[in-house]
Amino acid sequence: MSNQTTATKTKYDGVAMTLHWLMALSILVALILGPGMEDQAPDARRELLAGHSFNGLFAVTLAIIRLWWRRRNPPPAYPDTMSDWQVKAAKGVTHGFYFLFFYMPIVGIAHAVTYQDTVVEPLQLFNLTIAPSAITQVFHVMHAIGMLLFIILVVVHIAAAIKHFAIDKDRVLQRMLPFTKV
């Protein structure tokens, strides 16, 4: 744990900020490379998938480091001006992000390994024969739902940051911005 306690800490440290902004960039890249990938010609799809997969592995690696760092370096306390429901909402968004940081790469890998181009044999499961395309579709839908949840969380997160900056003027946004003072 850092020398500064959560109660007196007013800003995230440089490691936490770097991990936050790298994750933000990774999510943006995923949202750009992912949608519509399956509609591409096979060669273009493979190239996009390679970049998207690398980004997913990079993101889950960052998530592991970020979770490890956060457990050893607690974030600054929320300002007293935030109501209980706002604090709960902020924590809910944070937990939602952490869940998706792991959910999306796992489901994405499952989707990729069951994709029709790679699996041709039907799967036998509990005396049922399941076509590979059905399994692929389940993971495709799960990944798409995760993408929509990410978009919702990102919009809520950015809207809350803007609200704190423009309306509340409580310096919550500045806690995560490098080169600013709180």
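For I145 and L25, what is the calculated FRET efficiency with R₀ set at 25 Å and r taken between the beta-carbons, to the nearest 0.05?
0.65
Rounded to 0.05, the FRET efficiency of the K91 and F54 pair, given R0 = 35 Å and the Cβ-Cβ distance, is 0.70.
To the nearest ten degrees, helix 14-33 and the longest principal axis of the Cα atoms of the chain are 30 degrees apart.
Between exposed chymotrypsin sites (Phe, Trp or Tyr not before Pro) in the chain, where DSSP calls loop and at most 14 other Cβ atoms lie within 10 Å, what's the longest gap?
That would be 1-125.
Each other residue within a Cβ distance under 10 Å of P79 adds +1 if Lys or Arg and -1 if Asp or Glu, for a net charge of -1. Per-residue ellipticity at 222 nm from helix content only, as computed over the chain with -39500 (n - 2.57) for each DSSP H run of at least four residues, stands at -22500 deg cm²/dmol. Among the listed pairs K88/K163; K91/K169; K9/K163; K11/K181, those whose Cα-Cα separation exceeds 18 Å are K91/K169; K9/K163. Positive end of the dipole of the chain (Cβ unit charges, origin at the Cα centre): among M37, F101, A159, the Cα lying farthest that way belongs to A159. As an equivalent ellipsoid, the chain spans semi-axes of 38, 16, 16 angstrom, where each value is the square root of five times an eigenvalue of the C-alpha gyration tensor, largest first. The charge dipole of the chain, taken about its Cα centre with unit charges on the Cβ of Lys, Arg, Asp and Glu (plus for the first two, minus for the last two), comes to roughly 1020 debye. Each label was represented as a point 7 Å from its Cα along the Cα-to-Cβ direction; for H157 and T180 these points are 1.5 nm apart. I'd like the carbon and sulfur percentage of the solvent accessible area for the chain, probe radius 1.4 Å, heavy atoms only, ligands and nucleic acids excluded. Of all accessible area on the chain, carbon and sulfur atoms account for 71 percent.
The values are calculated or read from the model by the stated rules, or taken from the named source; none is laboratory data. Since the model is a prediction, treat every value here as computed from it, not as a measurement. Because the Cβ atoms are built from the backbone with ideal geometry, glycine has one as well, and the counts that use them run over all protein chains shown. Protein only, heavy atoms only, side chains kept; ligands, DNA and RNA dropped before computing areas. Shrake-Rupley method; radii C 1.70, N 1.55, O 1.52, S 1.80 Å.
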